[in-house]
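The values are calculated or read from the model by the stated rules, or taken from the named source; none is laboratory data. This structure is a prediction, so every number in the text was calculated from the model and none was measured. Ideal geometry is used to build each Cβ from the backbone, glycine not excepted, and the neighbour counts take in all protein chains shown.
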C-alpha cells in the first residue's frame, strides 16, 4: 500500500516525457582518460607540412608547385575523401611522393643546366668549399678554363700552389669567396717574369691586390701579377719573357709572400691552371 502511494507521488512529481528521457540516457560514469592518438597527430603534422610547402612554393613561384596543384585537382576529381584515416594517409603519402619526385626532377634539370654552363670545381685547393650546387661566378669571372693560342711560361720558379682559382673559404674572413687567380707561394724577393711577351697595360697599388702589374698579350689575352714587393716596369713598356716585372711580396691582403696570378680574355677572368700546367 505504501509502495503504491510512493509510486503515485513520484509520477505526479515527474514532468511529461521524463520516463522516456531517463530510459534513453546512459548512466553517468566517471570519464576515463583516453590515450593520446599519436597516429592522428602525425597525420595532422604531415598535412600541415604539405600545406606550408604548397604555400611556400606558390609564393616563391617554384617549378614544382603547378604539377602538385594539378595532381591535387586530379585526386579530388577521382573522389579522394579526407574523412577516413586510411584515405587521409593514402592521399598525404601520394602527395608527398609526388612532391619528392617533382623536386628530384627539377634538381636534376638544374644540375644538367648548371653542368653545361659552369662546371663545379673540384675540392683540391687550400681551404676549399664544396656546397651541393656551386653559385654562379661573380661578374667578370668564369668557372671555366681558357687556353690561349700561345703557350704561357711559368712567371716564377720554385713555388707551391696554395690556393686555386674558384670558390673557396677565404683564409682571413673564413667566408665563401671566389678566388680570381692562382696563388703561387714562393720566397719574398723572387723575380717575376711575364708569362708571355706583351705590353704593360697598367701598374698600380690596390687595397686588395697590393702592388700589381697588368700585361696585355695578343688576341685579347692579359695576365695580372699581384701582391708584388717591388714593380720594375711602367705603363706602355714592352716586355719579353726575360723581363723582370718586379719581385714577389705580400702587399695588399695576403697571408704571406706569394704571387697571385690571373689569366684574362676579353676582360673576363678564367682558371689559369691548364694554361700554366698547374693540373
Inset, instruction - Of the numbered conditions (1) modelled with pLDDT under 95; (2) surrounded by 13 or more Cβ atoms within 10 Å (Cβ to Cβ), residue 173 fails exactly one; give the number of that condition. - result: (2)
Legend entry - Qualifying residue in the stretch 253-274 (condition: outside any loop (DSSP other than H, G, I, E, B), more than 22 Å from residue 178 (Cβ to Cβ) and touching a residue at least 40 places away in the same chain (Cβ under 8 Å)): no
Inset, instruction - Can you give me the number of residues within the stretch 174-199 that are over 19 Å from the mean Cα position of the chain (by Cα) and part of a loop (DSSP other than H, G, I, E, B)? - result: 12
Legend entry - Residues being in contact (Cβ under 8 Å) with a residue 60 or more places away in the chain, assigned to a strand (DSSP E or B) and farther than 21 Å from residue 268 by Cα - total across the stretch 150-173: 2
Inset, instruction - Determine whether the stretch 227-246 contains at least one residue that is assigned to a helix (DSSP H, G or I) and either assigned by TED's automatic domain parsing to the domain that holds residue 211 or crowded, with 16+ Cβ neighbours inside 10 Å (or both). - result: no
